[in-house]
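The values are calculated or read from the model by the stated rules, or taken from the named source; none is laboratory data. Predicted model only: the values in this text are computed from it and were never measured. Cβ placement follows ideal geometry from the backbone for every residue including glycine, while neighbour counts extend to all protein chains displayed.
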Amino acid sequence: MTFGLEQLRRCNVAVDLGAARTRVYLKDTGLVVDEPSIVALNTHTGSLIAVGSLADGMAGRTPKHIRVVRPISGGTVVDIDMAQRMLRHLVSQKLRKAWRRSPVLRAAVCIPHDSDPLAQRAAVETLTGIGARRVELVDTLIAAAVGCGLPVEQPEASMIVVCGAASTQVAVLSLGSIVAAEKVLVGGDAIDYAVVQHVRNQHELMLPTQGLHPLHLALRAVPPPEGTEVRGRDVATGLSRTVRVSTAHVREAINTPLTAVLDAISRVLRECPPDLVADLGVRGLTLAGGSAVLPGLDSMIRTGTGMSVQIAKDPDVCSVAGLGAMMEGKVQPMHLDPLEVDPS
Ligand SMILES: Nc1ncnc2c1ncn2[C@@H]1O[C@H](COP(=O)(O)OP(=O)(O)OP(=O)(O)O)[C@@H](O)[C@H]1O
């Protein structure tokens with residue numbers, strides 16, 4: 001990581017191209033974009049109709065000539081052209097300021113752990129397409145750990161679990177590098193899908209996207225309500241209908257995807273040397289990513305691992321904030337010089 005830090009300090013913009021949201025951080029300015037990674041397109045003319053929140057509001061409600069596209073899937077750019085158009089639209093005005101300060105745009109982008117060369121290239125091409133002369137790729141796990149304020153450069157274990165929309169990534173870090181890591185394709189989307197399937201199977205109701213929100217709120221409420229009324233489309237008749245969904249049943253439905261996260265944590269711990277696992281017994285693990293605040297996730301991990309669990313401050317923006325901290329030189333590499341003689 002020490003070598004990478006030198007390169008990162010020359011960057012002036014940090015980008016997190018997430019499956020759910022795109023975030024952009026400008027050096028010495030802060031977070032300037034935090035918008036859904038989604039565009040609405042006119043299929044007749046090919047022109048963009050809306051980008052970000054506006055396009056998100058159109059999803060599921062479009063006539064035939066409007067197509068809602070998600071150019072990023074699982075943290076990987078799957079439609080480079082559309083991703084470039086989305087990013088250009090989101091950042092053009094904000095980047096003008098950075099361009100005035102420095103005419104050469106250097107970008108730092110976080111990419112999911114273990115991304116293949118094609119995914120790396122897609123991220124680089126997306127950024128060069130909007131004018132970046134140089135693109136530095138940083139593992140999301142390192143960026144998020146730095147963004148959470150974990151002492152990743154120190155010779156002690158830090159454990160980070162990044163729960164995004166499409167995936168959950170788990171790592172143990174020490175001395176600025178990843179010691180063991182796992183990625184499972186289970187995130188907020190899989191959890192939402194489990195709830196939608198539960199309502200469909202138990203109540204024969206197709207739940208619209210916005211129908212998930214009251215169920216999330218019910219899970220978070222203290223004490224949780226026994227049931228929540230949601231409106232959707234009857235599977236058989238196609239008519240609008242309201243049902244009462246039990247909070248306990250929703251919690252049960254999301255347990256299956258959450259168990260996959262717990263399994264990934266166990267696998268990472270098994271790969272780690274005992275000294276690092278002993279450190280973690282004291283320090284615990286940190287949850288980051290938008291799904292970190294999912295009610296019950298922290299307590300489930302606490303019960304399943306016996307470790308203490310902290311949810312990071314602003315968990316959804318940890319990765320891009322970590323890139324920003326590295327760009328701004330807030331992370332100091334540990335200098336190790338075995339030949340240095342003690343003058344005393
Ligand atoms: N308050 C909340 N309660 C439950 N889930 C939430 C909440 N806020 C956000 N989420 C979930 O967090 C996910 C988005 O997280 P995040 O913004 O970290 O994703 P991303 O970085 O775009 O995804 P990825 O890292 O997989 O590419 C969504 O699935 C969303 O449903």
Tally time: how many residues in region 120-145 are touching a residue at least 12 places away in the same chain (Cβ under 8 Å) and either more than 16 Å from the ligand (Cβ to nearest atom) or over 30 Å from Gln310 (Cα atoms) (or both)? 15
Output the residues belonging to region 16-52 that are under 18 Å from Glu328 (Cβ atoms) and of a type in the set (D, E, K, R). Asp16, Arg23, Lys27, Asp28
Per the filter on region 287-344, residues among the acidic types (Asp, Glu) and either within 16 Å of the ligand (Cβ to nearest atom) or at pLDDT 90 or above (or both) are Asp298, Asp314, Asp316, Glu328
Some residue of region 90-101 being part of a strand (DSSP E or B) and not aliphatic (A, V, I, L, M): no
Checking the conditions here, which among Val77, Val91, Val152 is more than 16 Å from the ligand (Cβ to nearest atom), surrounded by 19 or more Cβ atoms within 10 Å (Cβ to Cβ) and farther than 19 Å from Leu31 by Cβ? Val152
